[in-house]
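K.L.:
Next up is a structure, given as structure tokens.
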């Protein structure tokens, strides 16, 4: 019998104790020093020595070791995309994956739990600086079926044309603006927006990067959704800086406006104190991204979204602490290049389906 360490378990220390975390079975096991000393022998397939048989049987039963030719080995060899996404992604998915035996709180139980803890975090991020008021949003001229049919990803933009300040204001109003405020007894005020959010927590913040918009000074801003205003964060970036943020994707440096999305972790963690909540943050930004696509389409503008960003670079410019607020992605907004506008119009009327990319790169499907 040959054995080796499972490729799915993860080891760490907690308060001086050695811990093996089995994300498949949602178990955490404290390891004795003897077990810890034995494990390196099974970094590769190896037969146990007679003196170790008793401890080896315990580690095998716990799933820390697996047997050659076993179903556990077969499962680890059928990981598919997880094998290339890496240990961290695989571990997080398994650790936050719910089991059939997992219990969920009822609404009454959850309410009682929330009432017994600290009040929720503030729903709005505040900058103690003067804000730049935005124009009121304009009416959206297209019907919903027409917008849904015409929604496209745009990566080719007209360098001579820019959105108006009112178009940018309209985009921000629908993507992140407060549509209603609801007073929840015992919990304070909750904002309601055009996009859904788990538990109405709305953790996503929007930082507009204005580069070329008549009537709006260039700069990096924070959008104050309750005031419909911009708060200055830093100076406008040059092309090289935008490329650094967006992983070298050249089309990101060609748009007049970028919207950087982040998530304030405490808002969601207050209601959902489990690791699975991290999944919902990305779902939330997906809702906002689609709203940006639809509003941009209704305004006749081109939109793209990318999650291929350099987190550390974005954290630096926005002065973010990743333990509190994390970058999630970027939406770009501009006027489609003439040829791109023709392509999209043709597709909207049943023409050939094609993708939008600048020609010097390929970054997904439109």
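Read-outs throughout are calculated quantities, based only on the coordinates presented, and are distinct from any laboratory measurement. Please read all numbers here as calculations on a predicted model, not as lab measurements. Neighbour counts run over all protein chains shown; Cβ positions are idealised from the backbone, glycine included.
K.L.:
For segment 224-301 and segment 51-99, write down the distance between their C-alpha centroids in whole Å.
P.N.:
Measuring centre to centre over Cα atoms gives 36 Å.
K.L.:
For a quick protection proxy, order the peptides 101-112, 299-310 by their average other-Cβ count within 10 Å, most packed first.
P.N.:
Descending mean neighbour count gives 299-310, 101-112.
K.L.:
May I pose another question? If I take the Cα coordinates of segment 77-168 and project them onto the principal axes, what are the three extents in Å, biggest first?
P.N.:
Here the spans come out as 56, 45, 34 Å, largest first.
K.L.:
For a test of the definition: using alpha carbon positions, the gyration tensor, and the 1.5 limit on a/c, classify segment 117-209 as rounded, prolate or oblate.
P.N.:
Since a/c reaches 1.5 and a/b is larger than b/c, the shape of segment 117-209 is classed as prolate.
K.L.:
Another one. If you fit an axis through the alpha-carbon atoms of helix 277-298 and take the longest principal axis of the Cα set of the chain, what angle between them do you get, 0 to 90°, nearest 10?
P.N.:
Compared with the principal axis, the helix lies near 20 degrees.
K.L.:
Ranking request for peptides 19-26, 223-230, 143-150: highest mean number of other beta-carbon atoms within 10 Å first, then the rest in descending order.
P.N.:
223-230, 19-26, 143-150
K.L.:
What FRET efficiency, computed as 1/(1 + (r/R0)^6) with R0 = 41 Å and r the Cβ-Cβ distance, is obtained for residue 47 and residue 82, rounded to the nearest 0.05?
P.N.:
0.90
K.L.:
On to the next question. Under a GNM of the chain (C-alpha, springs under 10 Å), which listed residue has the highest mean-square fluctuation: 195, 289, 96?
P.N.:
Among 195, 289, 96, the largest mean-square fluctuation in the Gaussian network model of the chain belongs to 96.
K.L.:
With a point put 7 Å past each Cα toward its Cβ, work out how far residue 212 is from residue 125 in nm, to one decimal.
P.N.:
Label-label distance for residue 212 and residue 125, simple model: 2.7 nm.
K.L.:
With a 10 Å radius around each residue's Cβ, average the other Cβ atoms per peptide and rank 32-43, 196-207, 166-177, 265-276, highest first.
P.N.:
Output ranking for 32-43, 196-207, 166-177, 265-276: 166-177, 196-207, 265-276, 32-43.
K.L.:
At a temperature of 4 °C and a viscosity of 1.567 mPa s, determine how fast the chain diffuses translationally according to Stokes-Einstein, using the Kirkwood radius over alpha-carbon pairs as Rh; express D in µm²/s, rounded to the nearest whole number.
P.N.:
Estimated via Stokes-Einstein, D reaches 54 µm²/s.
K.L.:
Counting only helical runs of four or more DSSP H residues, what would the 222 nm mean residue ellipticity of the chain come to if each run contributes -39,500 (n - 2.57) and the total is spread over all its residues?
P.N.:
That calculation yields -9000 deg cm²/dmol at 222 nm.
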